[in-house]
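None of the figures in this text is laboratory data; all of them are computed from the coordinates on show. Fair warning: this is a prediction, and the values are worked out from it, not measured in the lab. Cβ: placed from backbone, ideal geometry, glycine included. Neighbour counts: every protein chain shown.
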């Protein structure tokens, strides 16, 4: 099984779901006047992909996704799993940081620019490592992603994070500083999507990411799934 452009575009729908806006369709994303021109897209792609570790390692398709709201620890866990399994980690926040440094891009256009870049990057991605970790929540986009994965027999794992709300609030305040109110104002919206996903989709691995939690049970589950894949 190899990834084709259709699969990568479905992944774009997932990765492009911003923290502050719901996921749109590909058609609606690209029908607007582009924020980024092709020259800038290619420059960003070259710089970003050059920094992605493990991309040249040949590995069979396997996708790790997350269900959870900001502050639950997706980035920390995805980084650890990327290192352990030599998986290519696609992280929205890295791209957002780069866009924030571009003076010609208004803040209101940054999420649309992010979608444009991810669309371009995933079309261009042609490296042998097909083991991907999507450092983003699928709570708003699983209806686009899962049917395609299942139809094409692409194995995937959903890690559903569980963290007490008060701990999430504390983490966001510590991490975001003066920007924390912008995130806290959206917490109810994020939790609504998180709960709706949990009610509709039950085939996930639940991980309680609280102080003292060990990744051993999680990596044991991933090892089992990878072993099953290799046995076919």
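Annotation for region 183-230 versus region 113-163: alpha-carbon center distance of 15 Å. Here the simple spin-label model places points 7 Å from the Cα toward Cβ, and for residue 229 and residue 206 these points are separated by 2.5 nm. A crude spin-label estimate for the pair residue 152 and residue 51, with each label 7 Å from Cα along the Cβ direction, gives 2.8 nm.
Mean-square fluctuation check for the chain, GNM, Cα pairs under 10 Å: which of 99, 179, 215 is largest? Greatest mean-square fluctuation among the candidates belongs to 179. Sorting 102, 228, 44 from the fewest to the most surrounding beta carbons within 10 angstrom yields 228, 102, 44. For the chain, dividing the convex hull volume of the Cα atoms by the residue count gives 128 Å³ per residue. The order of 50, 82, going from fewest to most other C-beta atoms within 10 Å of their C-beta, is 50, 82. Sorting 169, 163, 63 by the number of Cβ atoms found within 10 Å of their own Cβ, with the fewest placed first, yields 169, 163, 63. Considering only alpha-carbon pairs that sit under 8 angstrom and 6 or more positions apart, the relative contact order computed for region 12-231 is 31 percent.
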